[in-house]
Each structure stands twice: as C-alpha cells, then as structure tokens.
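Presented below is the structure to which this report refers.
The values are calculated or read from the model by the stated rules, or taken from the named source; none is laboratory data. Because the structure is predicted, anything quoted here is derived from the model rather than measured. Reconstructed Cβ throughout: ideal geometry from the backbone, glycine too, with neighbour counts over all protein chains shown.
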Amino acid sequence: MSELALFGGAPVRSKPWPRWPQWGEEEAAQLQRVLASGEWGGFNDLVGEFEAAWAKRHQAKHCISAVNGTLTLEAALRVMGVGPGDEVIVPPYTFIATANAVCLVGATPVFVDVEPDTYNLDVERVAAAITPRTRAVIPVHFAGLPVDMDRLLPLAQAHGLAVIEDAAHAHGTTWHGTPAGTLGHIGSFSLQQSKNLTAGEGGLLLTNDDELAAKLWSFANQGRNPGGLWYEHHLLGANLRMTGWQAGILLAQLTRFDAQLARRQESARRLNSILEEIDGPLPMRWDTRCDNHAFHLYMMRYDPTRFGGLPRDRFIEALRAEGIPCSGGYYRPLYHQTPLAPPASRVDECPVAEQACREAIWLTQNILLAEPEEMDDIAEAMVKVREHVDALVN
Ligand SMILES: Cc1ncc(COP(=O)(O)O)c(C=O)c1O
C-alpha cells in the first residue's frame, strides 16, 4: 500500500488537468479583426454577431450582451419592475451575486432551502414562502442542472411572479429539450473566467418578450431607445455594454463549445459509475428531464461515517495532495454573509443548505474536459485515501 502523498508518498496523479480557459488561433484571428476595425467598444459588429449566435442557439427572440452576470440579474429585476418593498425568492446555496442583485434594486432576498440531492431551490418550500410582497423568483440552475421548472413555472404563474433564471452555470443545459435561460421571463448568463463559456468577464440576457428586450437594451445603454438619438435618454440606465474584444473571444470560444459540453457529460457519466463501484461520495442526482447538463461543477456529497470518521476537509486535503484539485465549495449559506444577513434578507429555515456547506465536494468543469478514462484517477485517489484512513484520523 503506497504512502499517502500528504505524508510524502508519490501522488496518484502528477499529470496536469486541462487548463481553463482554452484558446487557439481562432481567438487571435478574432482579436485581430477587432483591432483592425478601429471599433473596439460595444458597437463593434462582432457584438451583434455573437448576440445573434447565442439567441439562435437558444431559439430565443432576443439576446442582449453585458459586462457581467451580476449586472444582468440587476437589469432583469429592474425591467421586471422589482424594487423597494418587494421580496424575491432566491436559494442560499449559490454565488452571492444572485442575492446581491436583489439588494442592489432595493428589494429583499428571501432565502428558501434547496433539495438535498441537487442543491437546487426546493419548489415546495418556494410555494410556502410566497407572501403578498413576493414579486419574483430567481431559480439558479446550480452546477448546470435546472431547477424543477415543471413545478416552478406554473407556481410562479399562479402567483404572478417574475421568473428570472440565473443560468450562470448552465450554458448549453437543456430541460425537456428547451435551453436553460429561455424557460422563464428572462435568462441571465455569466461569462466570467471560470464559466463554461468565457471572455474573462461578460454577461448575457435572453428573452422572448419584445418589450422586455427593449427595456433591457435601454437599461444597458443609458436609457436610450433602440435606434434613438445618442443624447436622448428615456429611462434610468447605465452602460452595461461588453466590448468588441469580448465578443471576438466568445465567437472563437463557441467553435469548441459543443464538443466541450459533450465531453463534460461523458466524463460525468463515467465518474457517476465509478464512484458507485468504489462506494465513494454520492454524486448529485442528474434529473432525467435534463437532457443536456452543463456540469459547470461536478458535485458530490461526502459522509464521514462511510470513510471511517474522516472529516470532509481532511479528505479533500488528502485528495488534493494526490493530484485531485477538489474543494468544499461554499462554507456558509448566503444569509450568513455580512451584507445579506437579516434584516437585509428574510430567511426560511434552510437545514439542507447548511448541510451542503458541510458535506459537498466540488470538482470544477475543466477537470471533466480530460479524457473520460482519466476520471479513474479520481476514484483511485479516493480508494487510496480510504485505505489510509486510520493514519489520517489518528
Ligand atoms: C450562480 C451565479 N450567479 C451569478 C454570477 C455572477 O456573474 P459575474 O461574475 O459574471 O458577475 C455567478 C458567478 O460569477 C454565479 O456563479
């Protein structure tokens, strides 16, 4: 039995995992196009070209690009008329931007618990949290798996709630064949560096509603009307435009996007089966209604009692030493973050989110871009750590 890498032994894996972001000649050529055009800002033709490509891919009527996936959420809330005095239902197990956007428009985030096997909003609990002040819900398709939209959409409709999808993790995800980001009133994507489609920073909005699209465009363009005069401003707005550089990079990234989406799913399938074989940590449920899963994260649930009492963080430390770069993800629910704690928010009891912060293990999407057989290194490292559990616990 070889020594744990944590104690000086040879690691299971020393080969590097795929880098992220990935790039090549395509990016260089697009950047050169932007440079030579002399039009570097948001009115470069490539911006419109990319928006059209993203809209077409999603069979959406409108795509509006933006600087990031936080301000897209804020813009979506604003154009849906959400403001002071309103409540917006959000999960407590997500990146802080989801709830910050609610506070930025002066509304109150209402934290509702997540499901134990997906970490997505629990729709039954959403129903119980609706009050006369509730104006919107932000389903976060966490890690790339959609919230149960079959139940959420009719519930939202019955209560007249705006549905703003936070699809920051769900590029390429589909639900019964319908692309994530087009299931609600407005879909929001992030293109920040870690995301499955990236320009370093950036954001995207999708909608099928002409009026909302015009308002989103206007908000992103200082309150101008599409096609209107430059110094004529009709609404309160800001400048959310992405640059030509970003659009050029994104058009190039799109050429690899489908292959990467397929590869991540292939690797995830293999991981699901080998984790079962080794009786490892439990993978999250891959809902059969999700026919494409972006796998922005591959998440597992760790139970120390199945690993001789080894605490999760020590398990992660040992795996990392073996060359498996995993993490425990968020270590507290959002309502325990200073700017979001009550009275800035309203909090339902969220025992599942609390448990998720204790039990989750995350692998980032670039790991899944390796050859699917390379997932076996992850299982091998877990088996090795389990064999040495006594040395780690004592
Ligand atoms: C779920 C979620 N929503 C929103 C955002 C915000 O996106 P951005 O960083 O582009 O502002 C992120 C990540 O960064 C995220 O993970």
Item checked: Residue that is farthest from the chain's Cα centre (by Cα), among those in the stretch 295-347 that are more than 15 Å from Met382 (Cβ to Cβ) and β-branched (Val, Ile, Thr) -> Thr305
Next item on the list: Return a yes/no flag: does the stretch 302-311 have any residue that is modelled with pLDDT of 95 or more, surrounded by 18 or more Cβ atoms within 10 Å (Cβ to Cβ) and within 22 Å of Trp17 (Cβ to Cβ).
Entry: yes
Check: Just a yes or no: is a residue in the stretch 348-365 within 30 Å of Val105 (Cα to Cα), more than 22 Å from the chain's Cα centre (by Cα), buried (at least 16 other Cβ atoms within 10 Å of the Cβ) and in contact (Cβ under 8 Å) with a residue 24 or more places away in the chain?
Finding: yes
Next item on the list: Output the qualifying pairs, or none if there are none: Cβ atoms under 7 angstrom, residues six or more apart or on different chains, first residue in the stretch 81-104 and without any contact (Cβ under 8 Å) to a residue 40 or more places away in the chain, second residue near the ligand (Cβ under 9 Å from one of its atoms) and aliphatic (A, V, I, L, M).
Entry: Ala101/Leu73
Note to self: For a quick check of your reading of the model, give me the residue pairs whose first member lies in the stretch 139-164 and is basic (Lys, Arg), whose second is modelled with pLDDT of 95 or more and more than 13 Å from the ligand (Cβ to nearest atom), with beta-carbon atoms closer than 6 Å and at least 6 apart or on different chains.
What the structure shows: Arg151/Val123
Next item on the list: Tell me, yes or no, whether the stretch 111-128 has at least one residue that is more than 17 Å from the chain's Cα centre (by Cα), at pLDDT 95 or above, away from the ligand (no atom under 14 Å from the Cβ) and at positive phi.
Entry: no
Checklist line | Test set (1) assigned to a loop (DSSP other than H, G, I, E, B); (2) buried (at least 20 other Cβ atoms within 10 Å of the Cβ); (3) within 16 Å of the ligand (Cβ to nearest atom) - Cys290 fails condition number | finding: (3)
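Out of Gly38, Gly24, which single residue is among the small types (Gly, Ala, Ser) and over 27 Å from the mean Cα position of the chain (by Cα)?
On the way: Gly24 fails: over 27 Å from the mean Cα position of the chain (by Cα).
None of the other options fit; the residue is Gly38.
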Margin query: For the stretch 222-231, check the following and say yes or no: at least one residue is within 26 Å of Ala101 (Cα to Cα), within 16 Å of the ligand (Cβ to nearest atom) and in contact with a helix residue (DSSP H, G or I) (Cβ under 9 Å, 6 or more places away or on another chain).
Written below: no
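Going residue by residue through the stretch 250-262, is there one that turns out to be in contact with a strand residue (DSSP E or B) (Cβ under 8 Å, 6 or more places away or on another chain) and within 29 Å of Leu310 (Cβ to Cβ)? Give the steps one after another, and end with the answer.
Of the stretch 250-262, the ones in contact with a strand residue (DSSP E or B) (Cβ under 8 Å, 6 or more places away or on another chain) are 261.
Next cut, within 29 Å of Leu310 (Cβ to Cβ) only: none.
Scanning the stretch 250-262, I find no residue that is in contact with a strand residue (DSSP E or B) (Cβ under 8 Å, 6 or more places away or on another chain) and within 29 Å of Leu310 (Cβ to Cβ), so the answer is no.
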Next item on the list: Quick one: count up the residues across the stretch 166-189 that are of a type outside the set (Phe, Trp, Tyr), closer than 22 Å to Gln365 by Cα and crowded, with 24+ Cβ neighbours inside 10 Å.
Entry: 12
Next item on the list: Filter the stretch 1-38 down to residues that are loosely packed, with under 12 Cβ neighbours inside 10 Å and among the aromatic types (Phe, Trp, Tyr), then give me how many there are.
Entry: 1
Next item on the list: Can you give me the number of residues within the stretch 4-21 that are closer than 19 Å to Asn366 by Cα and hydrophobic (A, V, I, L, M, F, W, C)?
Entry: 3
Margin query: One residue is enough: does the stretch 368-388 have a residue meeting the conditions within 16 Å of Ala268 (Cα to Cα) and in contact with a Phe, Trp or Tyr (Cβ under 7 Å, 6 or more places away or on another chain)?
Written below: yes
Next item on the list: Just one of (1) charged (D, E, K, R); (2) buried (at least 19 other Cβ atoms within 10 Å of the Cβ); (3) in the same structural domain as Gly81 (by TED's automatic domain parsing); (4) not in a loop (DSSP other than H, G, I, E, B) trips up Arg264, so point out which.
Entry: (3)
Margin query: Which condition from (1) farther than 24 Å from Ile164 by Cβ; (2) assigned by TED's automatic domain parsing to the domain that holds Asn366; (3) part of a helix (DSSP H, G or I) is the one that Gly248 breaks?
Written below: (2)
Item checked: Hey, Ala143 under 15 Å from the mean Cα position of the chain (by Cα) and in a helix (DSSP H, G or I) or not -> yes
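Quickly run through the stretch 55-100 and pick out the residues that are under 22 Å from Phe43 (Cβ atoms) and either within 16 Å of the ligand (Cβ to nearest atom) or part of a loop (DSSP other than H, G, I, E, B) (or both). It would help to see each step written out before you state the result.
First, the residues of the stretch 55-100 that are under 22 Å from Phe43 (Cβ atoms): 55-56, 60-69, 71-72, 75, 79.
Within the stretch 55-100, Ala60, Lys61, Cys63, Ile64, Ser65, Ala66, Val67, Asn68, Gly69, Leu71, Thr72, Ala75 meet the criteria.
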